Amino acid sequence: MKGGLCCALYAVKAVRDAGVELDGRLIVESVVGEEDGGIGTLAAILRGYKANAAIIMEPTELKVAPAQAGSHCFRIRVKGLSAHACVREEGVSALDKFMPIYNALMSLEIKRNSEVHDPLYSRYRLPIPLNIGVVKCGSWPSSVPEELVFEGRYGIGVDEDVGVAHRAFEEAVSNASCADDWLNIHPPEIEWVGGQFNPTRTPMDNSVSTTLAKAYRDTTGSQAIYEGVTYGSDMRHLVNIGNIPTVLFGPGDVRLCHRPDENVSIDDLIKAASTLALTIVRYCGIV
């Protein structure tokens, strides 16, 4: 994201250094809290910072991304019954009771993704993945674990109703629990916590999308590629709350994010900054 932010700053610098006087107002926002709710962008919108269009420099591999899938984080508690390990059959392992829930959620992931037919997501086998990222179980090697807590991220389709998506998730957990004698009496507790990224979309023929795509073509000599992203971003605040048509476009690959040795190629930085500068001039116009 620092690479994308630098592209934005240098695009503005290029316009200024060229002596171009824009026929419009240009705002560069550098905000905090995107990873856990987007509080920075939300605060900016609520304080009255509005625009006719916005471009977010997410790492889209220099593709124009007019659609963003949603992702909601969850926490589930699975109850067991503690016992000494030497008589473990007298207890109920929360780890064992986690497994049918896990299998049900993995089956749900397959079913939900098979129903996504948006051409913007054609290259993804899992455009709305369901990931379990944290599992905590037990407190002592010689005890049957009495509780397991797991947390994860639930993908939501671009045009999907969030309430409907939640019900599908909760019903999958409930159905798995009803099929188990212990879980039927001691149902898991589901919480929707942490980052809640709702999906959103801007029409591909919106002027910010088309202007950006043409600027990319004229800057690089290659046709722009339109593609949706499978991750959440602040785009949903700008579109859903601020009513600002927004697209994602930036250097880098999300596959290198959230892992060691994040990097962005210099060539991508130059292409992104050049494309943004031309987009700014064409979209805002010149006095």
One residue from V193, V247, V173, V229 being assigned by TED's automatic domain parsing to the domain that holds V32, within 20 Å of H72 (Cβ to Cβ) and β-branched (V, I, T) = V229
Do the conditions hold for V149, that is, is it free of Cβ contacts under 8 Å to residues at least 24 places away in the same chain, in contact with a strand residue (DSSP E or B) (Cβ under 7 Å, 6 or more places away or on another chain) and either in the same structural domain as E171 (by TED's automatic domain parsing) or assigned to a helix (DSSP H, G or I) (or both)?
-> no
From (1) touching a Cys at 6+ places or on another chain (Cβ under 8 Å); (2) of a type in the set (A, V, I, L, M); (3) over 30 Å from G33 (Cα atoms), pick out the condition that doesn't hold for V144.
-> (1)
Those residues of the range 82-125 which are assigned to a loop (DSSP other than H, G, I, E, B) and over 19 Å from V164 (Cβ atoms) amount to S82, A83, G91, S93, S122, R123, Y124, R125
Hey, L26 crowded, with 18+ Cβ neighbours inside 10 Å, in a loop (DSSP other than H, G, I, E, B) and at pLDDT 95 or above or not | no
Of all residues in the range 44-90, how many are without any contact (Cβ under 8 Å) to a residue 60 or more places away in the chain and within 19 Å of M1 (Cα to Cα)?
-> 1
For residues that are of a type outside the set (V, I, T), part of a strand (DSSP E or B) and in contact with a strand residue (DSSP E or B) (Cβ under 8 Å, 6 or more places away or on another chain), tally how many sit in the range 206-258.
-> 2
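The values are calculated or read from the model by the stated rules, or taken from the named source; none is laboratory data. Predicted, not measured: the structure shown is a model, and the values here were computed from it. Ideal geometry is used to build each Cβ from the backbone, glycine not excepted, and the neighbour counts take in all protein chains shown.
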